[in-house]
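Taking it in order: structure first as structure tokens, then the write-up.
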Amino acid sequence: MKIFLFFIFSIFLLNSSSADEFNQILNEQEYAAKQYLMANISPSDAVPGTVIASPSRQGPDYYFHWVRDAALVMQVVLNLYEEEQDPVIKSFYLQRLDDFVDLTHLQQTNSGFQSYGEPKYFVDGRPYDGPWGRPQNDGPALRASVLMRYASVIVQNGQSLSQKLINVIKNDLEYTIQFWRDPNFDLWEEVYGDHFYTRFAQRKALLDCQLWANENNFKNLAQSCTREVNQLNISLNEFKDYDQEILKTTINRVGGLDYKYSNLDTANVLAVLHSYNHDGEFSPASSWVINTAKALDDKFKVLYPINSQYSHFGTAIGRYPEDQYYGGNPWFLTTFAMAELYYKLAIEFHSQDYFQIADNYMKRGLFHRGHGGSIAEQMNKYTGFMESARDLTWSYASFLTAMKARRAAVK
Ligand code: NOJ
Ligand code: NOJ
């Protein structure tokens with residue numbers, strides 16, 4: 001009954017809300033998302049710096065530290081640090097980042113160089129040892145990038161970099177330099193091959209490396225990064241589907257799931273949101289990305305029954321059309337990613353229409369959230385109720401980065 005009332009209440013609010021009311025709903029959700037996100041970092045039974053993917057321990061068990069999720073979440077912690085005025089809260093965020101550096105050192109030591117692509121770790125810092133789709137080579141690249149961003153914050157604060165931080169960054173970069181050509185599992189942990197998402201994250205890490213290594217006088221490392229990124233850039237063209245003018249998600253598949261025949265995947269939208277280098281290559285505003293986003297929306301609009309039930313909200317977006325995980329549902333983080341993309345397009349094209357499209361995706365996501373602004377991984381495609389892991393850290397992170405883009409667009 002309570003849930004039902006909340007539901008009715010949120011339909012009412014989201015349907016009839018004035019711009020001011022909608023802003024207030026967003027602000028309240030933003031506050032809640034920060035609390036939930038921070039609560040999933042360094043829980044008391046974990047090594048400090050651990051980011052649990054979700055507090056859920058069964059059905060599914062997400063009580064692990066995923067390298068990808070953690071790197072994306074630490075990007076958000078850096079955003080929060082930059083937006084915060086209060087010095088006490090600022091230093092609280094920096095403490096989390098310091099702990100994350102120590103944890104990374106522990107994880108790298110435990111797994112060993114060849115296994116830096118291990119996708120997930122127990123909360124005591126040991127690599128997961130059960131069967132899994134491994135390696136996943138986006139992890140070390142995303143982690144290197146967020147740690148280099150952290151390093152620049154430390155330098156701006158007039159401090160010098162610890163040897164530990166320098167070492168963990170170098171390790172991840174060297175791993176990326178050595179293995180970026182190799183097939184590996186995609187971010188959804190299902191397909192073994194070459195993936196746009198992963199390559200684009202590796203590209204960003206190697207470009208960040210050029211700057212960082214030069215600044216710190218690591219001449220050989222800088223040269224290696226330059227050499228490799230030039231090769232890698234060429235390989236990115238293979239992901240262009242010139243017929244449909246969209247981006248393919250995987251090429252040269254060698255194993256894993258084989259039923260993703262459309263090769264259409266929200267992973268490619270996430271790729272440019274997470275790893276665009278602001279240099280014009282695969283910009284969020286490029287036709288490659290916009291066409292990919294539109295094709296995804298077209299598919300999901302008819303694929304998920306909830307999209308015709310509440311069609312005045314934006315489309316609930318999934319990972320990819322053939323998805324079967326938990327029956328194949330829309331996900332919050334992919335729906336918020338579309339919002340974020342369209343806020344960025346609104347800025348780029350000075351378009352009020354794009355801004356409205358973005359807001360509609362936000363309304364869709366908010367409509368399916370739970371009490372107190374809790375957000376799981378998925379929403380059931382028939383009923384709209386939340387599915388799979390509760391309080392997914394990455395769901396909150398994606399809402400917060402969408403809000404950051406929205407604020408930039410409002411300006
Ligand atoms: C667990 C993975 O995390 C998820 O992404 C995947 O869809 C399922 N396993 C099925 O392979
Ligand atoms: C499954 C998702 O497919 C994967 O991308 C994610 O890293 C894990 N769940 C943990 O959230």
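The values are calculated or read from the model by the stated rules, or taken from the named source; none is laboratory data. This structure is a prediction, so every number in the text was calculated from the model and none was measured. When we count neighbours, we look across all protein chains shown, and the Cβ atoms used for this are built from the backbone with ideal geometry, even at glycine. SASA here: full protein model, heavy atoms, side chains in, ligands and nucleic acids out. Shrake-Rupley method; radii C 1.70, N 1.55, O 1.52, S 1.80 Å.
So here's what we get for this one:
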| quantity | calculated |
| --- | --- |
| Scaled radius of gyration (Cα, divided by 2.2 N^0.38 Å) that the stretch 51-281 gives | 1.01 |
| All aspartates and glutamates inside 12 Å of Lys90 as judged from Cα atoms, apart from same-chain residues fewer than 8 positions distant | Glu82 |
| For the stretch 276-312 and the stretch 323-381, distance of Cα centres in Å | 11 |
| Using a Förster distance of 30 Å, the FRET efficiency for Thr383-Arg126 (Cβ separation, nearest 0.05) | 0.20 |
| Equivalent ellipsoid semi-axes, the stretch 189-260, via Cα gyration tensor eigenvalues times 5, rooted, Å | 29, 14, 9 |
| Computed label-point distance, nm, for sites Asp20 and Ser152 using a 7 Å Cα→Cβ extension | 3.9 |
| Alpha-carbon centroids, the stretch 18-84 and the stretch 123-147: separation in whole Å | 18 |
| Accessible surface, 1.4 Å probe, highest first, among residues Leu207, Leu247 | Leu207, Leu247 |
| Charge dipole of the chain about the Cα centre (unit charges at C-beta), most positive-ward option of Tyr31, Ala316, His105 | Tyr31 |
| Which of His371, His195, His274 is most accessible, then next, and so on - probe 1.4 Å | His371, His274, His195 |
| Value in Å of the Kirkwood radius, where the stretch 1-139 supplies the Cα pairs that are averaged | 17.1 |
| Surface accessible to a 1.4 Å probe, Leu257 within the full protein complex, Å² | 50 |
| Accessible surface of Arg149 - all protein chains present, 1.4 Å probe, nearest 10 Å² | 60 |
| In nm, spacing of pseudo-spin labels at Glu82 and Tyr261 (7 Å Cα→C-beta vector) | 4.4 |
| Contour excess over end-to-end distance, with Cα ends at Gln163 and Gln95 and 0.36 nm allotted per residue | 22.8 nm |
| Stretch gain in nm, segment Thr226-Arg407, where the contour uses 0.36 nm per residue and the Cα spacing is subtracted | 61.7 nm |
| Angle between the chain longest axis and helix 287-303 axis [Cα atoms, degrees, rounded to 10] | 40 |
| Gain in span if fully extended, Lys301 to Gln210, counting 0.36 nm per residue against the direct Cα distance | 28.6 nm |
| log10 of Debye I(q)/I(0), alpha-carbon scatterers only, for the stretch 265-310 at 0.15, 0.20 Å⁻¹ | -0.44, -0.66 |
| Semi-axes of the equivalent ellipsoid for the stretch 353-411, Cα gyration tensor, largest first, Å | 22, 14, 8 |
| Two-decimal Rg to Rh for the chain - Kirkwood Rh, Cα set | 0.94 |
| Under 14 Å, Cβ to Cβ, from Ala53 - net charge with Lys/Arg +1 and Asp/Glu -1 | -1 |
| Violating pairs (Cα-Cα greater than 27 angstrom) within the set Lys248/Lys381; Lys164/Lys344; Lys204/Lys363 | Lys164/Lys344; Lys204/Lys363 |
| Sparse-neighbourhood loop sites, GluC sites (Glu not before Pro) in the stretch 173-251 - DSSP loop, at most 15 other Cβ within 10 angstrom | Glu245 |
| Entries of Lys240/Lys260; Lys34/Lys301; Lys34/Lys404 with Cα pairs more than 19 Å apart | Lys34/Lys301 |
| Accessible area per residue, Å², the stretch 73-169 with all protein chains present, probe 1.4 Å | 41 |
